[in-house]
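Presented below is the structure to which this report refers.
The values are calculated or read from the model by the stated rules, or taken from the named source; none is laboratory data. These numbers were taken from a predicted model, which means no experiment stands behind them. Note: ideal-geometry Cβ built from the backbone for every residue, glycine included; neighbour counts use all protein chains shown.
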Amino acid sequence: MSSPRQVHVTYAIPADGADQFAALSSKIATDAAAMDMWWRGQDPTRTIRFDLFAFPGCASKSGRLDLGFIRLPRVGSLYVGDAGADRLLSDLGQLGALSSQKHLVYYDGPPVFDTFVCGTTFVPRTAPTTGGFAGIAFVWLRSLCGFDVGAGGLNAAVAVHELIHGLGALVDSKAPNECAPPDDGHVCDSTTDVLYPEASSQTRIATQTLDVGRDDYYGHPGGWFDVQDSGWLTHLPQHLLTIRFQNTGKATGAVRVTSPSAFECNQDCSLELDSGTQVIFVATPAAGTRFLGWRGACSGTGACSVAVDAAKTVTAMFVVTGVRLTVNVTGSGKVTSSPGAISCPTRCSASFQAGSTIRLKANPSRGHRFVGWAGSCRGTGACVLKADRDRSARATFHKKG
């Protein structure tokens, strides 16, 4: 929500692959939670902005991971080798949103490369100063590294390693500890660095370090691209922005968030947003409804902009555009209104501006007396109504006895 730039996670299998989505989906989400916790531990001001979905009844952040599933159109043998990798990338074009999303793909098919290759990342080398676009990081589940999904172990470390490549690390850099070819794109100053080119079955995400010495690819002083500046990282802490509705009568409407990404609420809702996010709201009344204005962090009736630097609440107030008042008269007499839309000897109705105050007066005919009101009015005096919904009133007159 803070940005359309999100990391989307997908489970993919070839056309002839056995579907293990049900068995692995929860484990993949658990590893995503481990990655998130690890990154926050390495840098309390950042974490991976995973693509989440507000599943009903789900309070767990990891449980909200919007995990996709793709069955590819070709059999697994056609995705092996360099030519197979090209086919795989082509067939994954259906992932979409390639200009705003990075992708982490758990591929559950025959190893595309050597079984010792745990993961691979493909990212365009264009716009290296922003970390590039359309990065697709793969975790090869059928490699020798694919045995501990959900354990926060080697697979989680591989996933973070590949994601960091996908975020643009060490592209056209002058990093002092970058490895010599063929391991360039990695760092060789410490075996515990998450971008070290090798790992073992004992590797766990918790034992890894995000740029040892902070001098190569994260939080470094050099002039090359810094992954800490990636648009695909959440800025912490996050704050809760609550959108509330104050609707009068049958009034309805929606609040549309137009920036930083599109979102719409038509009932009370809450958004968890990056610190400093600038949010723009627009109120959209339904047919027969008028937007009365904002309360809370917004005011007025136009588009509203809020800087989320703390927990904030915005309330949208909607009223119906016209309230219908129906008056019935029993006996001999007349009912009049102020404002003067009603002058009723039998049965009549009129429309009043929503939110206005209506005063009804009962006027008996000569030789008759006013008995009292029924419906929205009570008693025998003048009736004062608030035009907050459709209403009806009955006035009864009797002949004097």
- Item | Selection count where residues are in contact with a Ser or Thr (Cβ under 8 Å, 6 or more places away or on another chain) and surrounded by fewer than 19 Cβ atoms within 10 Å (Cβ to Cβ), scope segment 214-228 | 2
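Determine which member of the set 234, 301, 207 is more than 22 Å from residue 48 (Cβ to Cβ) and among the hydroxyl-bearing types (Ser, Thr, Tyr).
301
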- Query: Does segment 172-179 contain any residue that is closer than 21 Å to residue 118 by Cβ and among the aliphatic types (A, V, I, L, M)?
  - Reply: no
- Query: Would you call residue 172 touching a residue at least 12 places away in the same chain (Cβ under 8 Å) and at positive phi?
  - Reply: yes
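For every residue, the table says whether it meets (1) touching an Asp or Glu at 6+ places or on another chain (Cβ under 6 Å); (2) among the β-branched types (Val, Ile, Thr); (3) not assigned by TED's automatic domain parsing to the domain that holds residue 103.
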| residue | (1), (2), (3) |
| --- | --- |
| 160 | no, yes, no |
| 168 | no, no, no |
| 173 | no, no, no |
| 183 | no, no, no |
| 192 | no, yes, no |
| 200 | no, no, no |
| 203 | no, yes, no |
| 209 | yes, yes, no |
| 212 | yes, yes, no |
- Leading residue by the ranking (nearest to the chain's Cα centre (by Cα)) among those in segment 20-55 that are under 15 Å from residue 8 (Cα atoms) and part of a strand (DSSP E or B): 52
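Condition check ((1) of a type outside the set (Val, Ile, Thr); (2) at pLDDT below 95; (3) under 29 Å from residue 12 (Cα atoms)) across all residues:
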site: 158; (1), (2), (3): no, no, yes
site: 170; (1), (2), (3): yes, yes, yes
site: 175; (1), (2), (3): yes, no, no
site: 178; (1), (2), (3): yes, no, no
site: 184; (1), (2), (3): yes, yes, yes
site: 200; (1), (2), (3): yes, yes, yes
site: 204; (1), (2), (3): yes, yes, yes
site: 210; (1), (2), (3): yes, no, yes
site: 216; (1), (2), (3): yes, no, no
- Task: Quickly run through segment 77-100 and pick out the residues that are surrounded by fewer than 21 Cβ atoms within 10 Å (Cβ to Cβ) and in contact with a strand residue (DSSP E or B) (Cβ under 8 Å, 6 or more places away or on another chain).
- Result: 85, 89, 92, 94, 95, 97, 100
- Query: All but one of (1) in contact with a His (Cβ under 6 Å, 6 or more places away or on another chain); (2) among the small types (Gly, Ala, Ser); (3) more than 20 Å from residue 399 (Cα to Cα) hold for residue 332; which doesn't?
  - Reply: (3)
- So, in segment 257-276, of the ones that are within 12 Å of the chain's Cα centre (by Cα) and farther than 23 Å from residue 231 by Cβ, which residue ends up surrounded by the most Cβ atoms within 10 Å (Cβ to Cβ)? 265
- Message: If residue 199 meets every condition in (1) touching a Phe, Trp or Tyr at 6+ places or on another chain (Cβ under 7 Å); (2) assigned to a loop (DSSP other than H, G, I, E, B) apart from one, which number is that one?
- Response: (1)
